[in-house]
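Asks: Below are the structure tokens for one structure; questions will follow.
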Amino acid sequence: MSLEATLRLARAGELYPSCILHGADEVGRRSAALELARTLLCGRSADQRPCGACNHCRRIEWPQGAGGQFHPDFHVLERDLRTSTSVDAARSFLRAAQVTPFEARGQVFAVAAAESLTPEAANAFLKTLEEPHVTSPRNFLLLAPSQFDLLPTLRSRSLAVYLGGGEEVGGDRIASISAALAEPLRAHSRSPNRMELFAIAGALQEAGSWRDPRARRPWEVAAAAVVRASGDRELTPDQRRRLLALAEDLLSGPDLRIRGIQPQRILEGLVHTHLDV
Ligand SMILES: [Zn+2]
């Protein structure tokens, strides 16, 4: 669905409780989220929303730094770890969804990097989405480069709003690498085995071109694939924690490369460090 059509639904009070805003770049996703939030909470009559001038519209801004919140009914969750948005952060964010709005006729909750929600954090969202709201409408806006970066359970309960092409998405590659990781991870979970660790490192090597030692993109794709693979229900909580720690370390890959270490060695080293039991 387009942003225009989504804004019309919001004016009519018929918007889905959960929307995924994907495509564009980060700036584009944030400005779309602000426009939707203003439309949902604006004080003017429906056909004039968002007016951009009322007491609500003017205070709905993207928070700058910690505690920078201007409108009490517009909440933003930024990722709290380098690779992920933790379940603790998600739970404390969702606590605000249990109370009635302070000033506006509803509440809007924006998740800045929904692709980074850990499986537990995504489940906390699903639970909140399934609870009927008691008094007034709540809308959740999940921002992500691609809707396919989100868990299928979240996707199936949300309206996907495509904001147009922007940065290279890489969603397909993340999906194919995380699919390639599933089998060796499960096998390793049944009986720890060094061969599986090499298979895991090998799958991560497909994350992109490693030619440029300063390129961050392949490391980000590898980290995103590991975060996604950690959502597999057949894995133990301990394995999921190990995978999330591995994903964090993958983002330091470029620093190791600049010291002259080959990508294959770095991948194998990190996989062994985190998953060898
Ligand atoms: Zn307004």
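Asks: If I ask for residues that are within 16 Å of the ligand (Cβ to nearest atom) and more than 20 Å from A144 (Cα to Cα), which ones from the range 61-88 would you list?
Replies: F70, H71, P72, D73
Yes or no, residue by residue, for (1) outside the structural domain of A182 (by TED's automatic domain parsing); (2) aliphatic (A, V, I, L, M); (3) at negative phi; (4) touching a Ser or Thr at 6+ places or on another chain (Cβ under 6 Å):
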{"residue": "W219", "(1), (2), (3), (4)": "no, no, yes, no"}
{"residue": "A222", "(1), (2), (3), (4)": "no, yes, yes, no"}
{"residue": "A225", "(1), (2), (3), (4)": "no, yes, yes, yes"}
{"residue": "G231", "(1), (2), (3), (4)": "no, no, yes, no"}
{"residue": "G253", "(1), (2), (3), (4)": "no, no, yes, no"}
{"residue": "L256", "(1), (2), (3), (4)": "no, yes, yes, no"}
{"residue": "Q264", "(1), (2), (3), (4)": "no, no, yes, no"}
{"residue": "L267", "(1), (2), (3), (4)": "no, yes, yes, no"}
{"residue": "V277", "(1), (2), (3), (4)": "yes, yes, yes, no"}
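Asks: Tally time: how many residues in the range 13-37 are more than 22 Å from the chain's Cα centre (by Cα) and within 16 Å of the ligand (Cβ to nearest atom)?
Replies: 1
Asks: Anything in the range 11-34 that is under 16 Å from F140 (Cβ atoms) and without any contact (Cβ under 8 Å) to a residue 40 or more places away in the chain? List them, or say none.
Replies: Within the range 11-34, E14, L34 meet the criteria.
Asks: Name the residues in the range 77-88 that are in contact (Cβ under 8 Å) with a residue 60 or more places away in the chain and either in the same structural domain as R228 (by TED's automatic domain parsing) or among the small types (G, A, S) (or both), would you?
Replies: The one that is in contact (Cβ under 8 Å) with a residue 60 or more places away in the chain and either in the same structural domain as R228 (by TED's automatic domain parsing) or among the small types (G, A, S) (or both): S84.
Asks: Continuing with the same structure: Which pairs do you get when a residue that is touching a residue at least 60 places away in the same chain (Cβ under 8 Å) and surrounded by fewer than 23 Cβ atoms within 10 Å (Cβ to Cβ), found in the range 260-272, comes within reach of a residue that is outside any helix (DSSP H, G or I) and hydrophobic (A, V, I, L, M, F, W, C), reach meaning Cβ atoms under 7 angstrom, with the pair 6+ apart or on two chains?
Replies: From the range 260-272, no pairs qualify.
Listed here are the residues, each with its yes/no results for (1) out of contact with any Gly (no Cβ under 6 Å at 6 or more places or on another chain); (2) crowded, with 20+ Cβ neighbours inside 10 Å; (3) over 19 Å from F109 (Cα atoms); (4) of a type in the set (G, A, S).
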position	(1), (2), (3), (4)
S2	yes, no, yes, yes
R29	yes, yes, no, no
L36	yes, yes, no, no
C42	yes, yes, no, no
S45	yes, no, yes, yes
H56	no, yes, no, no
Q64	yes, no, no, no
S84	yes, yes, no, yes
V87	yes, no, no, no
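Asks: With the range 151-242 as the region, which helices (runs of 4 or more DSSP H) entirely inside it contain at least 2 residues that are in contact with a Leu (Cβ under 8 Å, 6 or more places away or on another chain) and crowded, with 22+ Cβ neighbours inside 10 Å?
Replies: 171-190, 194-204, 217-229
Asks: Kindly list, by first and then second residue, each pair from a residue in the range 89-110 that is buried (at least 22 other Cβ atoms within 10 Å of the Cβ) to a residue that is of a type in the set (F, W, Y) and part of a loop (DSSP other than H, G, I, E, B), limited to pairs with Cβ atoms under 6 Å and residues at least 6 apart or on different chains.
Replies: The qualifying pairs do not exist here.
Asks: Quick one: which residue in R173, R214, R157, R186 is touching a residue at least 40 places away in the same chain (Cβ under 8 Å), basic (K, R) and touching a Ser or Thr at 6+ places or on another chain (Cβ under 9 Å)?
Replies: On inspection, the qualifying residue turns out to be R157.
Asks: May I ask you to list the residues in the range 80-117 that are modelled with pLDDT of 90 or more and β-branched (V, I, T)?
Replies: T85, V87, V108, V111
The values are calculated or read from the model by the stated rules, or taken from the named source; none is laboratory data. The model shown is predicted, which means the values in this text are computed figures rather than measured ones. Neighbour counts run over all protein chains shown; Cβ positions are idealised from the backbone, glycine included.
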